[in-house]
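Structure, as structure tokens:
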Amino acid sequence: MASKLPNTTPMKKKSATKSAVDNISVSNSELKTEAAREAAELVKMHFIDDDRVLALAEPTDGERRRVAAAAAEKISTFMEQALSGSESTPLRAPVTPDATGELHELAAGFHKWTSARTEGFPKMPVEKHLYSAFRDLVLFVMHCLRGIVLEPPEGCCLLLPYSEGSEFKPVDSNESDKLDQVLVVRAWDSSVAGVAQPKYADTFAVVEVKRVEKVSFDGSSREVRDGGAVLQKARQQLVRYNRQIYEHQHNRMFTWGLTVCDSLVRACLFGPDRVLSSGDIDVATPEGRSVLICLLVNLCLCEESRRGYIPTIQQHENADGRYWTIRCNSINSSGEQEPELATFYSRGPTMAADRNFGRHTRGFPAAERLEDIDSPTLFAKVAWHYVERGPAGEQRSELL
């Protein structure tokens, strides 16, 4: 016989009626409305305009900085030459003859974007065409960069865009939203081409594209919207999509993102408590194109940590699937931290950092040997923490 516990009420059995389900259900439109409201609040609270953010993409090593600056200057020259000449104009870019022809084709692909509002191209391309224009400009830079830097420093990469000129849903996305463009990390020796099926798991940065001048489907009417409001909308969507990068990449310390509003590009760095946003980079001017090229080159040649990755947490894959290696100190039986870094193995965190702001706490069940990865006996915690003694005095790295 069941007895009633003090200060509790016995639960009454109810049938699962349709009306009961209807009362607690939430429609997709309501979920999107709430997500948009939350994103608007986050943008209002966390975005800070600061042009110094561009310097945070520069390599810290002096030789890397020199190589990146020289490469960016050369690429800017090649791009201006390609935009001002005809397809028969020989480019002095250090690429193969076949690639030279491709550079002309790529330049033609972003010419209308970078020449918008000039005498020859008075109208900005429609939003869909901006997706492919951004793609072609990035591929132009990557082709030239590979031809210029023949001996890249360790840890360099290529940043490649989505291959198609249309919205898409990343194959590992857990939401219905579609992205405009992305930059995906690829090895330096990879083929310079658009990525056919991008995943959040290897996305370096989300690129949100907006048209300030709204055009009807048939092109019969045009409406110039408030540029500031359009930028805020782009930032809100960037915030929503950026969260999934943290959710899928367990070694991200911070992330980058880009907004494109007509010809104006802004770089955004997502930190644990704020987003630093650059001022307008106008690709309709040679100066703006040079700044964007420099940013892309720096992000390819800089140290991995400058791109936002935690260098002591690495993703790997073998026949049994994806796994992670974590290098950190362990705590011995006496409760003291061991001085030497050791490598531990994990299938992934039981606690993921699935939000843009906060300590980004992740918890990894881990093993000391790869063959024991499915029987973890340790737990590694990764999180931002408040520095109390200055960066030099804070060396926390431990595994329990």
Carbon plus sulfur, as percent of the 1.4 Å-probe accessible area of segment 230-292, comes to 53
If amide H atoms are modeled at 1.01 Å from N in the peptide plane, then the residues at a separation of 5 or more from Arg252, or on another chain, having amide H under 5 Å from its own are Ile310
Given pairs Lys74/Lys178; Lys233/Lys381; Lys32/Lys112; Lys128/Lys199; Lys178/Lys233; Lys44/Lys210 and cut-off 24 Å on Cα-Cα distance, the over-length ones are Lys74/Lys178; Lys233/Lys381; Lys32/Lys112
Compactness check, segment 243-286: C-alpha Rg relative to the 2.2 N^0.38 Å globular estimate gives 1.38
A chain fully extended from Arg322 to Glu368 at 0.36 nm per residue, minus the present Cα-Cα distance, gains in nm 14.9 nm
Burial-style ranking of 174-187, 293-306, average other-beta-carbon count within 10 Å with highest first, yields 293-306, 174-187
One point scatterer per Cα, no solvent, Debye formula: log10 I(q)/I(0) for segment 250-398 at q = 0.09, 0.11, 0.15 Å⁻¹ comes out as -0.40, -0.57, -0.90
Inter-part gap, Cα centre of segment 262-294 to Cα centre of segment 348-386, in whole angstrom, is 33
In Å², rounded to a whole number, the accessible area per residue of segment 235-360 with probe 1.4 Å is 37
Two pseudo-spin positions, 7 Å from Cα along C-beta at Leu83 and at Thr285, lie apart in nanometres by 1.2
Note to self: Kirkwood Rh of segment 168-308, Cα pairs, one decimal, Å, is 16.3
Here the gain from full extension of Asn332 to Thr350, 0.36 nm per residue of separation minus their alpha-carbon distance, amounts to 4.2 nm
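The values are calculated or read from the model by the stated rules, or taken from the named source; none is laboratory data. These numbers come from a predicted model, not from an experiment. Virtual Cβ from ideal backbone geometry, glycine too; neighbours counted across all protein chains shown. Note: areas computed on protein heavy atoms with side chains; ligands, DNA, RNA excluded. Shrake-Rupley method; radii C 1.70, N 1.55, O 1.52, S 1.80 Å.
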